[in-house]
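Novice: Quick one: structure below, then a few questions.
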Amino acid sequence: MVWKSKQIIDKYVLSTVIISLAVAVLIHFPESVSLFDRFESHTLFPGMRFADVANEIVFTFLSLLLLFMVNTWLFHFNRTSIRISWQKIVSSFILTWILSSLLGKGFVFLHKTFDIPAIDAMVHHYLHPLRDFIVACLVTTCCYIIYLVRRQQQVIVENEQLHAESIRNQYEALKNQLNPHMLFNSLNTLRSLVREDQERAQEYIQELSRVLRYTLQGNESQCVTLREEMDFVSAYIFLLKMRYEDNLMFDIDIDHSYENYYLPPMAIQVLIENAVKHNEISSRHPLTIRISTGNKDEIIISNPIQPKMTASSGTGIGLANLAKRYQLLFRQEISISDNKNFTVRIPLTNERP
C-alpha cells in the first residue's frame with residue numbers, strides 16, 4: 001500500500017515537471033523563434049541573446065514548479081480523497097496569478113541588481129501581465145485536470161476491486177453449495193448399503209471419508225489440476241460402483257499432456273453425479289459414462305440418454321452451479337448437447353486463474 005501511494009505521488013510530480021517544462025518552452029516560443037530571424041531580433045527584441053532566452057525559460061520552469069508545489073500544498077490537488085470545490089479553484093487561480101506576478105517582478109529585480117541575463121525588450125515587458133494570467137490559468141487548470149483524472153482512475157480501481165470481491169463471494173457461495181449437496185446424495189447411498197451389506201457399507205464409509213476430504217480441501221482453492229481432479233474422480237467412481245456394480249461402467253481416455261491443466265474442483269464429479277441421477281441404471285439398461293479429452297483444450301463427459309421410468313427429483317444445483325463457476329472463474333461457457341447422448345464439454349486452461 002505504501003509502495004502504491006509512493007508510485008502515485010511520483011506520477012503526480014512527473015506530470016507537473018513535464019507540464020512546467022512544456023509551458024516554459026512554449027510561453028517563450030516567440031523569443032526563441034526570433035533568435036533565428038535577424039530582422040525580427042532587431043525590431044521586436046533588440047539586443048537579445050541566446051543566454052537571455054535560456055535564462056527566461058529556466059526561470060519560468062522553476063516558477064511553474066514552485067506554483068504547482070504551492071497549489072499542491074495549500075489546496076491538495078494531489079489527494080483524491082479531498083473534494084475540490086469551485087471556491088478552491090477560484091482561490092487557486094487568484095493566488096497563482098498574484099504569485100506569478102510577484103515572481104516576475106523578483107526576476108526583474110535580480111536582473112537589474114545582479115545583471116542576470118534576461119530579455120530587456122519593451123514588448124517582452126508588456127507581455128508579462130498577459131503571461132502571468134496565462135500561467136495562472138494553466139497551472140490551476142492542469143492541477144484540476146490531474147485531480148479529476150486521478151480521481152476517475154481511483155473510482156475505476158475501486159469498482160474493479162468491488163467487482164472482483166463480488167465475484168469471489170459469489171464463487172465461494174457456489175462452492176459451499178456442493179458439500180451439503182454431495183453429502184446428502186452420499187448418505188442416501190450409504191443408507192441403502194447399510195440395509196443390504198454392512199461390510200460393504202464400512203468400506204464405503206472409508207472411501208467416502210477420502211472423497212469428503214477432497215471436497216473440503218477443494219473449497220480452499222478456486223481451481224485444481226486435471227490430475228488432482230481425476231484422482232478424486234477415481235475414488236468417487238469406486239463409491240458408485242459399490243452400489244451399481246457392473247450396471248455402471250466408465251470409459252476413461254485422458255491425454256496425459258493435459259494433466260497440469262486447470263479446472264474448477266469437483267467439475268467432473270458433478271457431471272458424473274448428474275448422469276447417475278437422471279438415467280436408468282439396471283441390468284437391463286446398464287449405463288456407460290465416457291470421460292475423455294478433446295482436441296480443443298477441453299474434457300468431454302458423455303453418456304447415452306436413458307430416462308428413468310419415474311422422474312427423479314433434484315434441486316438442479318449441479319449443472320447450473322458448474323456453469324456459473326466457469327463463467328465467474330474462467331469467463332468461459334460450458335457446452336451442452338443432448339442428441340442421442342448427453343454430452344458436456346468443459347474447457348481446460350493451462351494458466352492458473
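The values are calculated or read from the model by the stated rules, or taken from the named source; none is laboratory data. The shown structure was predicted, so the numbers you read here are calculated from the model rather than taken from an experiment. Note: ideal-geometry Cβ built from the backbone for every residue, glycine included; neighbour counts use all protein chains shown. Calculation scope for accessible area: heavy atoms of the full protein, side chains included, ligands and nucleic acids excluded. Shrake-Rupley method; radii C 1.70, N 1.55, O 1.52, S 1.80 Å.
Novice: Counting Lys and Arg as +1 and Asp and Glu as -1, each charge on the Cβ, what is the dipole of region 180-347 about the Cα centre in debye, to the nearest 20?
Specialist: 540
Novice: In whole Å, how far is the Cα centre of region 273-297 from that of region 71-89?
Specialist: 66
Novice: Still on this structure, please answer the following. Could you sort the peptides 98-111, 63-76 by per-residue average Cβ neighbour count (10 Å cutoff), highest mean leading?
Specialist: 63-76, 98-111
Novice: Next question. So, counting K/R as plus one and D/E as minus one, what does the shell of residues with Cβ under 14 Å around Ile281 add up to?
Specialist: +1
Novice: Can I ask one more? Long-range amide H contacts for Ile116: which residues qualify at under 5 Å (H placed 1.01 Å from N, peptide plane, sequence gap of 5 or more or a different chain)?
Specialist: Excluding prolines and chain starts, which carry no amide H, the hits are His111.
Novice: Would you kindly find the accessible area of Cys223, with a 1.4 Å probe and non-protein molecules such as ligands, DNA and RNA excluded, rounding to the nearest 10 Å²?
Specialist: 10
Novice: List every residue whose amide H lies under 5 Å from the amide H of Phe250, counting only residues 5 or more places away in sequence or on a different chain, with H placed 1.01 Å from N in the peptide plane.
Specialist: Residues meeting the amide H criterion: Ile289.
Novice: Moving on to the next point. Counting only the backbone N, which residues of region 255-284 are under 17 Å from the spot 7 Å out from the Cα of Asn247 toward its beta-carbon?
Specialist: Once the point is set 7 Å along Cα→Cβ of Asn247, 273-284 turn out to lie under 17 Å by backbone N, inside region 255-284.
Novice: On to the next question. Determine the gain in length on full extension of the stretch Thr349-Phe133; use 0.36 nm per residue of separation and subtract their C-alpha separation, reporting nm with one decimal.
Specialist: Computed gain between Thr349 and Phe133 is 71.8 nm.
Novice: Please compute the modelled spin-label separation between Asp120 and Gln87, points set 7 Å along Cα→Cβ, answer in nm with one decimal.
Specialist: About 4.9 nm, to one decimal.
Novice: For a quick check: with amide H placed at 1.01 Å from N, whose amide H comes under 5 Å from Glu298's, ignoring anything fewer than 5 positions away on the same chain?
Specialist: Under 5 Å from the amide H of Glu298 lie the amide H atoms of Leu348, each far enough along the sequence or on another chain.
Novice: If contacts are Cα pairs under 8 angstrom and at least 6 residues apart, what is the relative contact order of region 180-347 in percent?
Specialist: So the answer I get is 19 percent.
Novice: Report the full-extension gain for the segment Ser192 to Gln332: residue separation times 0.36 nm, less the Cα-Cα distance, to one decimal in nm.
Specialist: Numbers: separation 140, 0.36 × 140 = 50.40 nm, distance 3.86 nm.
Gain on extension, Ser192 to Gln332, equals 46.5 nm.
Novice: Can you list the HN-Hα couplings for region 234-245, worked out from phi with the Karplus curve (6.51, -1.76, 1.60; θ = phi - 60°), rounded to whole Hz and with x for Gly and Pro?
Specialist: Whole-Hz 3J(HN,Hα) from phi for region 234-245: 4, 5, 5, 4, 4, 5, 5, 6, 5, 8, 9, 6.
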